[in-house]
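Just below is one structure, and these are the notes that go with it.
The values are calculated or read from the model by the stated rules, or taken from the named source; none is laboratory data. Worth saying up front: this structure is predicted, and the values here are computed from it rather than measured. Heads up, the Cβs are rebuilt from the backbone with ideal geometry, glycines too, and the neighbour counts pull from every protein chain shown. Each accessible area value is taken on the protein alone, full model and side chains, heavy atoms only, with ligands, DNA and RNA left out. Shrake-Rupley method; radii C 1.70, N 1.55, O 1.52, S 1.80 Å.
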Amino acid sequence: MTALAETIAAQADLLESVLSVAVDDAAERIGRSNRLWLVGTGTSQHAAELGASMFGPGKRDARWRSSAAFCGDPPALTADDAVVVISHTTETAFARRARAYAIESGAAVVSITAQGRGWPEAIEAAPLERAETYTASYLAALVVLARLSVAVGEPGFDDRQLSELPGRVREAARAPAVLDAAPERLLVLAGVGPASVTAREGALKLREGAQLPAEGYEAEYLLHGTAVPLGPRDALLAIQPSADPFGLLDLLSEAAASEGLDVRTVSEADGLHPVLAQIPLTVRLQKLASDLADARGTDPDKVIRGGWAGDRLWQAGAP
């Protein structure tokens, strides 16, 4: 069994522990701010995107940026700002640069990292991942962000919904895969609102873990020209169509089926806030990536290789 498969199977137990991780000090730092920035790279960027929606609209202006965008055009920070830097390893060059800038600017800084990474302001959410297809750290970061939003009094959800997450994640990890086999050419994922972030995160896991060409989109973006070359060699996963108030995902699915695509739905039962529902939805896509990696004979535990692993490439943007 791969480290990825073992990690996915154990994520529900991890989230049980994350629900008791201390967040009070970090919440106090965030609570004093008028403006909140959430910053991350790759999977951590997706956590920042969903995290920003957990904090707004509410008492403060909450915004997300990729680490590179935050560093390339840095905002003018003051003591009224708080910056949450999400970096599982604490090694990502632009995340390190963003953190250094935020500290130098006098903003309140909270980071979300793996355990034992040495950043004193960090909430250490999860053990360091063994597979390079990161999964558990993403879920842990989302639960930490949700707990922080509750702690600072933002509207949306409460501890009762948070307590449901481990059970939902356990069920999602045991559910049958949504696809029996990879499409011949391209797998497209689409969602609306927060599910569009899950579509992009799911596509990233499929590319990393199964080395499968996959792309994730917001449903409207897919409609406006992006779907044109799709056909019988492709497949479409519609993420949580029941949360689409305009029925666009269902209409896209009908159109895709008429063009010969294999169309499937990835859904989570009602009862969770739409942002929290992304956590078990993501697990279903993580498991799909793991299952397809097994089927395709790829190694989801070691994914950055060759020219993509060059030191100069990964150190670009370092402080």
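Which of (1) at pLDDT 95 or above; (2) within 30 Å of GLU129 (Cα to Cα); (3) surrounded by fewer than 19 Cβ atoms within 10 Å (Cβ to Cβ); (4) charged (D, E, K, R) does ASP180 not meet, given it meets every other one?
Answer for ASP180: the failing condition is (1).
Limited to the range 251-281, what total is found for residues that are out of contact with any Leu (no Cβ under 7 Å at 6 or more places or on another chain), under 30 Å from ALA3 (Cα atoms) and polar (S, T, N, Q)?
Number of matching residues: 2.
Out of (1) open to solvent by less than 30 Å² (accessible area, probe 1.4 Å); (2) touching a helix residue (DSSP H, G or I) at 6+ places or on another chain (Cβ under 7 Å); (3) touching a residue at least 60 places away in the same chain (Cβ under 8 Å); (4) among the aliphatic types (A, V, I, L, M), what's the single condition that is false for ALA68?
It is condition (1) that ALA68 fails.
If only one of GLU268, GLU259 is of a type in the set (Asp, Glu) and either on the phi > 0 side of the Ramachandran plot or surrounded by fewer than 20 Cβ atoms within 10 Å (Cβ to Cβ) (or both), which one is it?
Details: GLU268 fails: either on the phi > 0 side of the Ramachandran plot or surrounded by fewer than 20 Cβ atoms within 10 Å (Cβ to Cβ) (or both).
Every option except GLU259 fails the conditions.
For the range 1-18, check the following and say yes or no: at least one residue is modelled with pLDDT under 95 and surrounded by fewer than 24 Cβ atoms within 10 Å (Cβ to Cβ).
There is at least one residue in the range 1-18 that is modelled with pLDDT under 95 and surrounded by fewer than 24 Cβ atoms within 10 Å (Cβ to Cβ).
Any chance you could count how many residues in the range 266-319 are basic (Lys, Arg) and without any contact (Cβ under 8 Å) to a residue 40 or more places away in the chain?
Within the range 266-319, residues that are basic (Lys, Arg) and without any contact (Cβ under 8 Å) to a residue 40 or more places away in the chain number 2.
Give the number of residues within the range 128-177 that are closer than 28 Å to ASP262 by Cα and open to solvent by 10 Å² or more (accessible area, probe 1.4 Å).
Matching residues across the range 128-177 total 9.
Would you please list the contacts, defined by Cβ atoms under 9 Å and residues six or more apart or on different chains, that run from a residue in the range 98-120 that is among the aromatic types (Phe, Trp, Tyr) and at pLDDT 95 or above to a residue that is open to solvent by 10 Å² or more (accessible area, probe 1.4 Å) and part of a helix (DSSP H, G or I)?
These pairs meet every condition: TYR101/CYS71; TRP119/ARG99.
Among (1) closer than 14 Å to ALA136 by Cα; (2) out of contact with any Asp or Glu (no Cβ under 8 Å at 6 or more places or on another chain); (3) open to solvent by less than 40 Å² (accessible area, probe 1.4 Å), where does VAL39 come up short?
(1)
Each row is one residue, and each column tells you yes or no for (1) hydrophobic (A, V, I, L, M, F, W, C); (2) in contact with a helix residue (DSSP H, G or I) (Cβ under 6 Å, 6 or more places away or on another chain); (3) in contact (Cβ under 8 Å) with a residue 24 or more places away in the chain.
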residue	(1), (2), (3)
PRO194	no, yes, yes
GLU208	no, no, yes
GLY225	no, no, no
ASP234	no, no, yes
